Structure formats: structure tokens, C-alpha cells
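The values are calculated or read from the model by the stated rules, or taken from the named source; none is laboratory data. These numbers come from a predicted model, not from an experiment. Cβ placement follows ideal geometry from the backbone for every residue including glycine, while neighbour counts extend to all protein chains displayed.
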Amino acid sequence: MADGKKVLFEITEEHLDTGLRGFPVGTVRSSFVDPDDGVHYVGYPVADLAYLDPEAVVYLIFNKRLPNDEELVAFKADLASRAGVDPRVIALLKGLPKDGHPMEWLMCGLSYLGMTGKTGDWKEDALNMIARSAELVANIFRIRSGWGEPIPSNPSLGLVENMVHMMGVPGGDTEKLTKLLRIYYVLHMDHGGGNLSTFTGKAVASGLADQYSALSASMASLYGPLHGRANQECLEFIRKVGTADGDAVESFVRNELASGGKIFGFGHAVLRKEDPRAKVQYALGEELCPNDPLFRTSVVLRERAVKVLKENPKVSNPYPNVDAVSGALVNACGLTDPEFYTVLFGFSRIAGIAAQIVDERTVSRNGKGVPIYRCKYIAVNQPRQRLNNAAS
Ligand code: MLT
């Protein structure tokens, strides 16, 4: 077919009402997901990038190349100079209901960051939001958990380092938690163009709202238990398993499946092999918390749940995904309330979604940007009808 007219996908009736699964709808420049090898950022497998400075990876997804040493120093300084949430955001957080979910706090917080500091420039707002969301998230943990007054920001520490410093986790091991969350941040940063939160953010941005509103909407998507909130449920599941004995874990999994339950942290919409993000985290756990009981349970699940799930030919991917072990690590490093885990996922994903929005708004279609999203729905069960007294 002529250029630009290649048939990518044949749409048939059976594709309707399947959540756009597999439909190509756009282009993405920052990452892609290979069903076997997992996510790549600008062509690099995520495992290669996991131990880099988080800021270097943010630079990568915005600039489509890794920074050299000088560029990295300058980029870190630039991000640090953008930090500083308006004090009204902290006042807002102090007034939010404690029974609101931390993700609801994050959605409100991002909107409020926008109301108190947006510029209207997609890229400027993206970078400001990345810098300020570290402070926002630290305060969400601190204020909602009742750990005390906010701790002054020190952005020169680095993005993740400052967040951990500002969390001031009571009795926490700052060094361990920082090491974990630097890697966690990179692993969760982006996942192709079509995951629900990224798609939502780009759709909202296509109406020319603004970065903060788009990201707040993305976080609403991520809040769902079928998307980001699965990481909270995963740790709750591992706690329920309650043992690291292989046979006991296996019979737990069998009983759970027999009673219609779910094995949290296994399977994925796109991946068909073990998620490389899980692989990195299993190795990291052996380094950071090898004897932690919940981590040990997750390691045993990696073997036994896969074994059981593989017995069912209908299961297309029996392998661990990014959530299978992330909660056990976060818990072992001092953040023990799983309700907050999706906020960590959201904090990390902000950079990826915002970069994709910048590309869609300012690079796609030779800089004109993608038009407002307007897909088509096929009407069913709606014969045309009129009211008896309608004027003709
Ligand atoms: C993920 O990180 O695995 C996702 O955002 C879920 C997806 O890719 O659909």
C-alpha cells in the first residue's frame, strides 16, 4: 500500500467492546513493550537502565538519548531549581479527609499543583510537575500517616533522595529505602503508549486542558484495582498467603483458584514472559531484604504460582508482573501500609506519561500535535423513535 495507507489492523465486530485491546491508535517515542522482553525506554531494555540515576532516565525519555556527565549534572540542577510546592498545597493536604485513599490525595494534590503553578507550556509544566511531585508525595505519606509536620525540602539531594528525606519515615532506614525507590522509580516510569493511565492522560491533554489536569486524570485511571492499585492488593495477598513453605504456598494457590480467587501479581495484558521489572526486583530483594518473611513468600510464589497457573492452558501468561514483589520490598524497607503503594507507582509514572503528552502535543504530526481524541462507538439497540406529541 502507498505510504501512510498501510493496513495495520482489521477491525471486525468481535473487536468491539473489548477495551481497545490491541488496537493501534497512535505512535509513541519514549517506550515500547515487547511481549517477551518487556518494556524498553527509547530502545534500551529497562533492566539495563534500572540502576542509573533516576534523573538520567527522565532525561532519556524526554530527550530520546541518555545525558553525558555534564548534561546530567545540569539536568539535576534544573530539576532541583523547579522544586518547591506552594504552601497552599500543604494546607490543602492537611485539610483532606484521612479516610480518602492516598491516590485520591494524589489526584487532588496534582490538580492543586496546577492551580498554584502552571505555566501552560507542556514541557515546562511536565518538568515542574516531576520536580514538585516528589515533595507532594512525601507530604501525602507524612500528613496522611500522621508522622508529624512537613519536613523542609532539600531538592539538591536528588529527586528520590529528597522525597525519602521529606517522608521522614519513623524508624525507617533511609539508605535502604532510597536505594529501593530509585530503582522502583526507573522501573515504573513508562510502559508504552496504550496502558490505561497513559492513554487517559493523552486523551485529556488532546482537549488542550493542561499537564496537571491530564496527570490528575491519569492517576484516577491508575487508582483502579485492575491497573495501578493492583500493587496494593498484591501485598495484601502475600500477607494472606502467610508462609514461605513451598508446599503450603502451592496448596494456598490451588485453594484460592478453586474458590474463584485471583493470584495477584501474575499475568499481564501484553507480556507473555516474566516481567523483567519483576526480575530486577527479585534480585534487589536478595540484596536488600533476603530474610524478610514476605519477600521470601513472594520468592516462593514466583516458583509455585507459576507452576500451578501453567497447568491451565487458558492462562496466556502465568508469570510474575511488576507488582508481584514490589510491595514486599517496599514493606521490608519501611513503608508498611499498602494503601500508599499506588502513590509510589503514580509518582514514578508521572514522568513517562508527561513525556508522552509533550510528544503528542508538540512533536507528533510535524509539531501540530494529535487532534482531540474522538473515537467512534457503534450504536446498538437504539431503533429510531419519536414521542407521540413530537412536532414533526
Ligand atoms: C504496567 O506497567 O504494567 C502497566 O501500566 C499496565 C499495562 O501495561 O497495561
For this session: State whether the residues of segment 296-305 include one that is without any contact (Cβ under 8 Å) to a residue 40 or more places away in the chain and over 30 Å from G114 (Cα atoms).
Result: yes
For this session: Name the one entry in K94, K76, K118 that is in contact with a helix residue (DSSP H, G or I) (Cβ under 9 Å, 6 or more places away or on another chain), over 20 Å from D210 (Cβ atoms) and surrounded by fewer than 20 Cβ atoms within 10 Å (Cβ to Cβ).
Result: K94
For this session: Output yes when any residue across segment 242-254 is touching a Lys or Arg at 6+ places or on another chain (Cβ under 8 Å), away from the ligand (no atom under 16 Å from the Cβ), of a type in the set (G, A, S) and at negative phi, and no when none is.
Result: yes
For this session: With respect to I350, determine if the residue is more than 23 Å from P276 (Cα to Cα) and either out of contact with any helix residue (DSSP H, G or I) (no Cβ under 9 Å at 6 or more places or on another chain) or of a type in the set (A, V, I, L, M, F, W, C) (or both).
Result: no
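One line per residue, one yes/no per condition, for (1) surrounded by fewer than 24 Cβ atoms within 10 Å (Cβ to Cβ); (2) farther than 20 Å from H101 by Cα; (3) of a type outside the set (D, E):
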residue: M189; (1), (2), (3): no, yes, yes
residue: A220; (1), (2), (3): yes, no, yes
residue: G224; (1), (2), (3): yes, no, yes
residue: G228; (1), (2), (3): no, no, yes
residue: D245; (1), (2), (3): yes, yes, no
residue: E250; (1), (2), (3): yes, yes, no
Problem set entry | Residue satisfying condition, being more than 15 Å from the ligand (Cβ to nearest atom) and either in contact with a Lys or Arg (Cβ under 8 Å, 6 or more places away or on another chain) or not assigned by TED's automatic domain parsing to the domain that holds A328 (or both), within set H165, H188 | H165
Exercise. Within segment 130-152, how many residues turn out to be buried (at least 17 other Cβ atoms within 10 Å of the Cβ), within 18 Å of P102 (Cβ to Cβ) and not aromatic (F, W, Y)?
Worked result: 14
Seminar exercise, completed: When every residue in segment 227-241 that is part of a helix (DSSP H, G or I) and within 15 Å of the ligand (Cβ to nearest atom) is compared, the one nearest to R304 (Cα to Cα) is C234
For this session: Kindly check whether there is at least one residue in segment 115-127 that is over 30 Å from L66 (Cβ atoms), part of a helix (DSSP H, G or I) and among the basic types (K, R).
Result: no
Exercise. Could we say that F9 is loosely packed, with under 12 Cβ neighbours inside 10 Å, among the hydrophobic types (A, V, I, L, M, F, W, C) and over 22 Å from the mean Cα position of the chain (by Cα) here?
Worked result: yes
Problem set entry | Residues of segment 1-33 satisfying the condition of being of a type in the set (G, A, S) and free of Cβ contacts under 8 Å to residues at least 40 places away in the same chain | A2, G4, G19, G22
For this session: Having 2 or more residues that are more than 29 Å from G22 (Cα to Cα) and in contact (Cβ under 8 Å) with a residue 60 or more places away in the chain is the bar; report the helices (runs of 4 or more DSSP H) wholly within segment 34-103 that clear it.
Result: 54-63, 69-82
Seminar exercise, completed: For segment 339-389 the number of residues that are in contact (Cβ under 8 Å) with a residue 24 or more places away in the chain, of a type in the set (V, I, T) and more than 30 Å from G327 (Cβ to Cβ) is 6
Exercise. What helices (runs of 4 or more DSSP H) lie completely within segment 267-366 and have 2 or more residues being aromatic (F, W, Y)?
Worked result: 341-362
Exercise. Just checking, how many residues over segment 193-221 are in contact with a His (Cβ under 9 Å, 6 or more places away or on another chain) and under 20 Å from V363 (Cα atoms)?
Worked result: 1
For this session: Among the numbered conditions (1) within 25 Å of L335 (Cβ to Cβ); (2) within 16 Å of the ligand (Cβ to nearest atom), tell me where P170 comes up short.
Result: (2)
Problem set entry | Residue satisfying all of: in segment 193-220; touching a Ser or Thr at 6+ places or on another chain (Cβ under 7 Å) and away from the ligand (no atom under 16 Å from the Cβ); farthest from A351 (Cα to Cα) among these | V204
